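Engineer: Would you mind keeping the following structure in view while I ask a few things?
The values are calculated or read from the model by the stated rules, or taken from the named source; none is laboratory data. Nothing here was measured: the structure is a model prediction, and the numbers come from that model. A quick note on method: Cβ atoms are made from the backbone with ideal geometry, for glycine too, and the neighbour counts reach across all protein chains shown. For the accessible areas, the whole protein counts, side chains as well, though only heavy atoms, and no ligand, DNA or RNA atoms are used. Shrake-Rupley method; radii C 1.70, N 1.55, O 1.52, S 1.80 Å.
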Amino acid sequence: MAERRILALPAELVQKINDNRGDISQAEFIELLIDEQLKEEKPKETVRYVTKEELRSFEQDMKLLLKNFLDFFVTYGLEMGDKTQQIELVELTSKLHGLQNDLSADNPKGTGTIKWK
């Protein structure tokens, strides 16, 4: 049998223990509380929000990526020699120019940057 000691506690604290311990004994409840308090704390995951600059940079990068994909597919289509879709090519070219103008207005260098932290 484990050695037992008496611990003098204020009556209010004993009442709190009794109100919250449920079906376990006072000793088990206090032991659980102490064990939980002494446990090694795992680092809490911090919530990180995106700044306006990061969101704007991401938007510009996505536009630039979209433009590069469209450039690739237009060039690929031209190389394959499919002349039947000339109207779609004109529409796609105008969209590319619009996207390029939008990018050049936002980013004079015409390059995108990805910021990783």
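Engineer: What distance in nm lies between label points placed 7 Å from Cα along the C-beta direction at Leu92 and Phe58?
Structural biologist: 2.9
Engineer: What FRET efficiency comes out for the pair Asp71/Asp102, r = Cβ-Cβ distance, R0 = 22 Å, nearest 0.05?
Structural biologist: Working: r = 15 Å, r/R0 = 0.67.
Rounded to the nearest 0.05, the efficiency is 0.90.
Engineer: Let me ask something else about it. Over the alpha-carbon set of the stretch 1-73, divide Rg by the Kirkwood Rh and report the Rg/Rh ratio to two decimals.
Structural biologist: 1.55
Engineer: Could I ask something else about it? Calculate one ³J(HN,Hα) per residue across the stretch 6-23 by plugging θ = phi - 60° into the Karplus curve 6.51 cos²θ - 1.76 cosθ + 1.60, and present them in order as whole Hz with x for glycine and proline.
Structural biologist: Taking θ as phi minus 60°, the curve returns 9, 10, 8, 10, x, 4, 5, 5, 4, 5, 4, 4, 5, 5, 10, 7, x, 8 Hz for the stretch 6-23.
Engineer: Go through the stretch 27-40 residue by residue and turn each phi into a ³J(HN,Hα) via Karplus (6.51, -1.76, 1.60, θ = phi - 60°); whole Hz please, and just put x for glycine and proline.
Structural biologist: 5, 5, 5, 5, 4, 4, 4, 5, 4, 5, 5, 8, 4, 5
Engineer: Of Ile17, Ile6, Ile34, Ile24, which has the most accessible area and how do the rest follow, probe 1.4 Å? Before the final figure, lay out each step's value.
Structural biologist: Details: Ile17 20, Ile6 170, Ile34 85, Ile24 50 Å².
The ordering from most to least exposed comes out as Ile6, Ile34, Ile24, Ile17.
Engineer: Something else about it: Subtracting the Cα-Cα distance from 0.36 nm times the residue separation, let me have the gained length for Glu31 to Ala2 in nm, one decimal. Mind showing how you got there, number by number?
Structural biologist: Working: separation 29, 0.36 × 29 = 10.44 nm, distance 1.41 nm.
The span from Glu31 to Ala2 would gain 9.0 nm if fully extended.
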